[in-house]
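All remarks here apply to the structure that follows.
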Amino acid sequence: MAATPYMTFTEHLEELRWRLIKSVAAVAVGFIICYVASDRIFAFMIAPLKQNLQPGQSLIGTGVAEAFFIEMKVGLVGGVFVASPVIFYQIWRFLAPGLLGEEKKLVIPFVFCATAFFLVGAYFCYRVVLPVAFGYFVEQYQSIGVSPEIRIAEYFSFFFRMILAFGITFELPVFTFFLVRLGILNYRLMWRSFRYAIVLIFIAAAILTPTPDVINQTLLAAPMLLLYLLSIGVAYVWRKDREEPTDA
């Protein structure tokens, strides 16, 4: 097997630049597609909140151009999701030089798995976490006798942070593969660190979850724990020492 050509630091930066340019171009194409359907996408985005509002309550806009900029942002977020396979492919192409020849052939499984985990994480947040979180928020308004009037810009910012956080979190098993193959992680270290991982996961869940109650934090922490266990399995299956001959 031919050795991978050595790349200088400048060449790595040039490679990174081109990967970023291609990713941005893919997002731009996705933006155009999603901007045309931004009204339907926005209706989809606000569904978790609207199901928790009382009749007569709705989102409000307080700026002259606020609706226009929201449509632009909706198109951008939609573009990121549409372009996610291309983005993950560019990530693979950037990291592939550090892998072995056989591992470089896993580009299609990687792109498929990375995209699938990202979309599943975002959908889990949309379908499970956000309705519970919005129900909690609306209930707090009702407890103090105030009718909620939520600005669309604030809602979009909150929605995007949550969806992105869950999407990235669900990538843990995928990127564990890279860290294991690069020799940075191994399944033994991950298993020994499981107790500390539990603490760190709940701390991360408390930071990422905007509500102070335990229920919403658990909604994020529970899948993170399952993903960590899955990552240990990934680290075991793709461990480097399995390729080394055992001593007689």
(Q) Let me spell it out: the conditions are (1) more than 30 Å from GLU15 (Cα to Cα); (2) crowded, with 18+ Cβ neighbours inside 10 Å, and VAL132 meets all of them except one. Which number is the exception? (A) (2)
(Q) Between ILE108, ILE163, ILE201, ILE150, which is exposed (fewer than 15 other Cβ atoms within 10 Å of the Cβ), hydrophobic (A, V, I, L, M, F, W, C) and at negative phi? (A) ILE108
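Which of the helices (runs of 4 or more DSSP H) found entirely inside segment 6-115 contain at least 1 residues meeting this: among the hydroxyl-bearing types (Ser, Thr, Tyr) and over 30 Å from ILE184 (Cβ atoms)?
Numbers: elements: 9-36, 38-50, 66-82, 84-95.
By residue number, 9-36, 38-50.
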(Q) Given (1) at pLDDT 85 or above; (2) surrounded by 19 or more Cβ atoms within 10 Å (Cβ to Cβ), identify the lone condition not met by LEU220. (A) (1)
(Q) Quick test for you: out of ARG195, ARG188, ARG151, pick the one residue that is modelled with pLDDT of 80 or more, of a type in the set (D, E, K, R) and assigned by TED's automatic domain parsing to the domain that holds VAL77. (A) ARG151
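Between THR8, THR62, THR4, which is modelled with pLDDT under 90 and in contact with a Gly (Cβ under 9 Å, 6 or more places away or on another chain)?
Values: THR8 fails: in contact with a Gly (Cβ under 9 Å, 6 or more places away or on another chain); THR62 fails: in contact with a Gly (Cβ under 9 Å, 6 or more places away or on another chain).
Criteria check complete, one pass: THR4.
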Q) If you check every pair at least six apart or on different chains, which have Cβ atoms under 6 Å apart with a residue in segment 7-21 that is assigned by TED's automatic domain parsing to the domain that holds TYR89 first and a residue that is at pLDDT 90 or above second? A) ARG19/GLN90
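The values are calculated or read from the model by the stated rules, or taken from the named source; none is laboratory data. What you are looking at is a predicted structure, and each value in this text was computed from that prediction instead of being measured. Reconstructed Cβ throughout: ideal geometry from the backbone, glycine too, with neighbour counts over all protein chains shown.
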